[in-house]
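As structure tokens, the structure follows; a few thoughts come after it.
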Amino acid sequence: MKLSLKKVDLILGSYSNEEYKILFEMLSRNSDEILKDLIESGLKGRGGAGFPTGLKWKLCAEAVSDDKYIICNADEGEPGTFKDREILDRVPKRVLAGMALAAKVTGAAKGYIYLRAEYSFLVNKLQKELEEFHKILKSNNIKFNVEIFMGCGAYICGEETALLQSMEGKRGEPRNKPPFPTTTGYLGKPTVVNNVETLVSAFMVCRIGPEEFKKLGIQGSSGSKLFSVSGDTPKPGIYDLEFGLSLAEFVDEFGDGDTKAVQVGGASGFCVPRKKFNETTIGYRGGLTGDSLPTGGSMMLFNSSRSMYNILRNYLDFFAEESCGQCTPCRIGCQQLKNGIEAVKKGEKDPEYLNQLLKLSDTMKITSKCGLGQSVANSFSSIVTNFTEEMIY
Amino acid sequence: MENYITLTIDNREVTVPEGTSILQAAHKAKVNIPTLCYHEDLCVAGNCRICVVEVEGSRTLTASCSTPASNGMVIHTSSPVVRNARKDIIALLVSEHNTQCTTCYRSLNCELQSLAAEYNVDNTRYLSVLKPNIQVDRSSWSIEKDDSKCVRCQRCVRTCSELQHVNAITVAHKGKDMKISTFMDLPLNEVVCVNCGQCVIHCPTGALTERRYYDDIWEAIGDPNKHVVINTAPSVRVALGETLDYPPGQRVTGKMVAAMKKLGFDSVLDTDFTADLTIMEEGSELLLRLKKAFRDKENVALPMISSCSPGWVKYIEHMYPEHLDNLSTCKSPQQMFGTLAKTYYAHKIGVKPEDIVSVSVMPCAAKKYEANRPEMKASGFQDIDAGLTTRELGRMIRQAGIDFGKLEDEKFDSMMGDSSGAAVLFGATGGVMEAALRTVYEIVTGRPVPFKNLNIMAARGLEKIKETSILLKGCKPEWDFLEGVELRVAVAHGLKNARTIMEQIKRNESPYHFIEIMACPGGCIGGGGQPIPTNDAIRKKRIAAIYAEDEGKEIRKSHENPEIVQIYKDFLPEGPLGKKSHKLLHTHYTKRNRY
Ligand SMILES: Cc1cc2nc3c(=O)[nH]c(=O)nc-3n(C[C@H](O)[C@H](O)[C@H](O)COP(=O)(O)O)c2cc1C
Ligand code: SF4
Ligand code: SF4
Ligand code: SF4
Ligand code: SF4
Ligand code: FES
């Protein structure tokens, strides 16, 4: 199955002052219709985990509570992603429109934008936007208020339950799930946590209709997505690409002619070596032949001058620092993986030790409490198995 | 109505109420799942990941402590993938650990050690990631904190915040640097820690232990010029057995006395004696306050609150310093004992007080701190030289190679060794209240308390806050101003519940005259110096043993203890609250900060 690389311009394109007008047209529809469209569209979360957005809103809508919350996750901490920043900067009205839709569907009256501390330069602009937004909501008699909550600088606070903890003034540690935020979220109330891009996509789904949306992408991964392209590429930047692209086409377009590997999905994603470019498509897992890789949007290209050992060690360094540290497999596992590859490189441990470490990364995958510890194995095993020589010599 | 669900655990079907965790459901199915961060006293953390199980259809393993069971689940708790994962996790914990079992105080009573043994884990699988240069914090009189043996289960943190509302210890930093720390990483003796030791009995390893003094005591015993006296708190006799292979709830009073004599103490006395004395002083103090309030219409601090729990005393000093007047001025039984050992007792046996070493065995970690409070020198010397925990006494008995089970029962030595059943009650929550009422009611009315067998059931049990009242009727002429007064009392145990009581007082809404507060859940039988594990099932057994001990006593009221009658005659002729009592048996408190 060969798919062609299609650039689209759904998320950022044709932005105008009409956004709120369009929003109010949508808000006049009934909630069930909006939900139906969303579910129909097959839209999945753009924050990395790929949870169906329509279902998430539905679960929250069904939860019984006087207070509910909509939280826009703008913590964007995955190394190599910078698309949420771009969205908030260029099409903030659409983000707020997405939140307003979620509020309507779920019955929430309060929303927060959890903004990464490093993005504080966006605050003024967002505040102004919020003033206008609130004014217009008020004149339309809609009760919904959005505040900005400044993040705390830790990568783990992007994980939705750690984010909630940190908003509640507690230590940013992921919670046990279940219960999920849709029933027990911020302050114990039903809460929708969505990525910035998901909210915009939801708005766009309602705008163009699920049918149009589904024309983009492939089965199981509908629509398009913003990719943050970086690394050894002549044209780094943000690109709105259709799902289902093959990595080979991607490298044709963005590579520098010497691409030896692409890291899909940042440090917690997978590393694909050249020999697997052809068989790899980008999209959510399932329903596809060959490997299909989910991604929060980070695409990092590496050419042959790069040491995959150094790249992996940097990732592990990052995880060993950024793990919240509460659970055993992740806190200690990350240190073991890092110290382990260093010991092998230095010859202090036999190359066979890498197998022990691969097993460890599997243990981390199935026993860690949250997505961070569970996904360390992605980059670890894909780099170690595909570039074993680079690990040893 | 509760909904029930049915699931399959290791091929066994089990039906449980909705909301039951997989771990609890497994217990019901008689399947044992190992745990580490889980403790039934505490909310679920789900961070150690030892308890993972395989749930069919799930992409990952599932932490059984933190995941509710659901209908139709099919669970495997000991499949190869589960066992391998657990083994790996234990190996990771060991790789982070300062494994020194040969010298470790918790050896043979350590959850990490037994897990490693059970899963046959050695320390060769992974490189050591133990942080270099970890200093043991020995700043506190009561608690030692050794981060090199910490498994980061956060049981201590949850204990200090959920059970005790103190929050002296918290989690600091993240990732590889994550650790248990104090406010600003200050030493324990400089923070708000009240030394209750609850974190110690909830810690699965040797990371938190009581500061141990038995080496000093061996030295004193071996010194021919020293006269070493020991006294044991009421709750020690119902728990010590657990450190010596007895089941919980077994009373070992006679054997305990015999063992201490064998250890070489010159005199084996009983804190229960000074518990009776406390009742005399504290009961009289209550009556004095009531007299001032009801007869003289004076402004006097009521409710009066008990002061025998030094963890509680430090808590109120930190958290509610504006209410220190509500505290009884009575010293705790331990400190009364210490003072008298170096005055009354020293004089009687003709030994110079400076040659007396007074040791106490307590269920408590805070007593160690209390013994070292600067004001506790009423005898002219440090009143109590060392406070041991129940665990330390058990350790000394083992060190001496005494075959505890074979010992013949012996009796406490005399002069400060006799006690009433009321004194024994001090060991359980509600006991001070019950003992005080038995005496106070009789002083005021001339009749015993109007309860069957003198047992005041409303003060007993593990309910968070217990309250009751007792009508004062037919008062003696000198107490006629109390005629018809309904004496209202309350009992709280665990500092979280103490906080509820204090907030009520703060709002000026407290309906009570007298309140008993103990720092530890369950009272002293659940103290921070008691055998590990301690949980509600064990607390209940120890409590039952306390009441059995009381019922077995001939004398069940403090004021009828003949040695009490004698000490007031010989040594404190002005009676309770007299000048000498005030100097020796009462104390004052210190305002402290909230951090
Ligand atoms: C370690 C970790 C970090 C995460 N960081 C982010 C983040 O920065 N932004 C984000 O939108 N989602 C992040 N997520 C995913 C969130 O937990 C959550 O799935 C997401 O916000 C849900 O939104 P979506 O359904 O719209 O994707 C992170 C997850 C993990 C495990
Ligand atoms: S997996 Fe890592 S980040 Fe997630 S809870 Fe465990 S220690 Fe924290
Ligand atoms: S804490 Fe446990 S495992 Fe560690 S040294 Fe002590 S007994 Fe051994
Ligand atoms: S001794 Fe008590 S107050 Fe101190 S840290 Fe432990 S639990 Fe907290
Ligand atoms: S000190 Fe003990 S209770 Fe606290 S986290 Fe460490 S091992 Fe657990
Ligand atoms: S006992 Fe369940 S995670 Fe620790």
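What to note about this one:
- Condition check for B:Leu327: closer than 22 Å to B:Glu467 by Cα and surrounded by fewer than 20 Cβ atoms within 10 Å (Cβ to Cβ): no
- Matching residues, the range B:52-83, being within 11 Å of another protein chain (Cβ to nearest Cβ), hydrophobic (A, V, I, L, M, F, W, C) and part of a loop (DSSP other than H, G, I, E, B): B:Leu61, B:Cys65
- Residue in the range B:302-317 that is open to solvent by less than 10 Å² (accessible area, probe 1.4 Å), over 17 Å from B:His582 (Cβ atoms) and assigned to a strand (DSSP E or B) present: yes
- When the range B:157-176 is filtered for residues that are within 14 Å of chain A (Cβ to nearest Cβ) and either among the β-branched types (Val, Ile, Thr) or within 30 Å of A:Gln336 (Cα to Cα) (or both), the ones remaining, listed by number, are B:Val157, B:Arg158, B:Ile169, B:Thr170, B:Val171, B:Ala172, B:His173, B:Lys174, B:Gly175, B:Lys176.
- Qualifying positions in the range A:347-374 - under 13 Å from A:Ile332 (Cα atoms) and among the β-branched types (Val, Ile, Thr): A:Thr363, A:Thr367
- Evaluated against (1) open to solvent by 10 Å² or more (accessible area, probe 1.4 Å); (2) out of contact with any strand residue (DSSP E or B) (no Cβ under 6 Å at 6 or more places or on another chain); (3) more than 16 Å from ligand 1 (Cβ to nearest atom), A:Val344 falls short on exactly one condition, (1).
- Test for B:Asp418: is it within 20 Å of B:Pro576 (Cβ to Cβ), out of contact with any Lys or Arg (no Cβ under 7 Å at 6 or more places or on another chain) and of a type in the set (D, E, K, R): yes
- Condition met for B:Glu322 (out of contact with any Pro (no Cβ under 9 Å at 6 or more places or on another chain), open to solvent by less than 10 Å² (accessible area, probe 1.4 Å) and farther than 15 Å from B:His227 by Cα): no
- Residues located in the range B:94-113, provided they are in a helix (DSSP H, G or I) and within 16 Å of ligand 2 (Cβ to nearest atom): B:Ser95
- Total residues in the range A:317-348, condition in contact with a Leu (Cβ under 8 Å, 6 or more places away or on another chain) and of a type outside the set (A, V, I, L, M, F, W, C): 9
- Any hit, the range A:323-339, residues being in contact (Cβ under 8 Å) with a residue 24 or more places away in the chain, more than 13 Å from ligand 2 (Cβ to nearest atom) and part of a helix (DSSP H, G or I): yes
- Of all the listed residues (B:Arg86, B:Arg49), the sole one being open to solvent by 10 Å² or more (accessible area, probe 1.4 Å), under 35 Å from the mean Cα position of the chain (by Cα) and facing chain A (nearest Cβ under 9 Å) is B:Arg49.
- For the range B:62-75, the condition of being touching a strand residue (DSSP E or B) at 6+ places or on another chain (Cβ under 7 Å), on the phi > 0 side of the Ramachandran plot and not assigned by TED's automatic domain parsing to the domain that holds B:Val151 holds for at least one residue.
- Within the range B:464-506, tally of residues that are open to solvent by 10 Å² or more (accessible area, probe 1.4 Å), assigned to a helix (DSSP H, G or I) and out of contact with any Ser or Thr (no Cβ under 8 Å at 6 or more places or on another chain): 11
- Evaluation of B:Thr102 against the conditions (1) within 14 Å of chain A (Cβ to nearest Cβ); (2) without any contact (Cβ under 8 Å) to a residue 24 or more places away in the chain shows that the sole unmet condition is (1).
- Subset of the range A:68-91 [surrounded by fewer than 22 Cβ atoms within 10 Å (Cβ to Cβ), touching a strand residue (DSSP E or B) at 6+ places or on another chain (Cβ under 9 Å) and outside any loop (DSSP other than H, G, I, E, B)]: A:Arg85, A:Glu86
- Residue match in the range B:268-278 (condition: open to solvent by 10 Å² or more (accessible area, probe 1.4 Å), modelled with pLDDT of 95 or more and away from ligand 6 (no atom under 16 Å from the Cβ)): no
- The condition of being within 15 Å of ligand 1 (Cβ to nearest atom), within 14 Å of chain B (Cβ to nearest Cβ), of a type in the set (D, E, K, R) and part of a loop (DSSP other than H, G, I, E, B) does not hold for A:Lys170.
- Residue that is surrounded by the fewest Cβ atoms within 10 Å (Cβ to Cβ), among those in the range B:247-264 that are within 26 Å of B:Ser309 (Cα to Cα) and out of contact with any Gly (no Cβ under 7 Å at 6 or more places or on another chain): B:Gly254
- Any hit, the range B:406-413, residues being of a type in the set (A, V, I, L, M, F, W, C), assigned to a helix (DSSP H, G or I), crowded, with 20+ Cβ neighbours inside 10 Å and modelled with pLDDT of 95 or more: no
- Subset of the range A:347-372 that is more than 9 Å from every other protein chain (Cβ to nearest Cβ) and closer than 21 Å to B:Ala45 by Cβ - its residue that is surrounded by the most Cβ atoms within 10 Å (Cβ to Cβ): A:Leu372
- The single condition from (1) under 28 Å from A:Ile34 (Cα atoms); (2) open to solvent by less than 20 Å² (accessible area, probe 1.4 Å); (3) modelled with pLDDT of 95 or more that A:Glu160 fails is (2).
- Top-ranked residue in the range B:132-151 [being open to solvent by less than 60 Å² (accessible area, probe 1.4 Å) and out of contact with any strand residue (DSSP E or B) (no Cβ under 7 Å at 6 or more places or on another chain); ranked as nearest to ligand 5 (Cβ to nearest atom)]: B:Val151
- Beta carbons closer than 6 Å, at least 6 apart along the sequence or on distinct chains, never pair a first residue in the range B:157-170 that is on the phi > 0 side of the Ramachandran plot and small (Gly, Ala, Ser) with a second that is modelled with pLDDT under 95 and away from ligand 2 (no atom under 16 Å from the Cβ).
- Breaking point among (1) buried (at least 24 other Cβ atoms within 10 Å of the Cβ); (2) within 19 Å of the chain's Cα centre (by Cα), for B:Lys342: (2)
- The set of residues in the range B:154-177 that are surrounded by 20 or more Cβ atoms within 10 Å (Cβ to Cβ), away from ligand 4 (no atom under 14 Å from the Cβ) and not in a helix (DSSP H, G or I) contains only B:Lys174.
The values are calculated or read from the model by the stated rules, or taken from the named source; none is laboratory data. Not measured: the values here are computed from a predicted model. Cβ atoms come from the backbone with ideal geometry, glycine included; neighbour counts cover every protein chain shown. Surface accessibility is based on the protein's heavy atoms, side chains included, excluding ligands, DNA and RNA. Shrake-Rupley method; radii C 1.70, N 1.55, O 1.52, S 1.80 Å.
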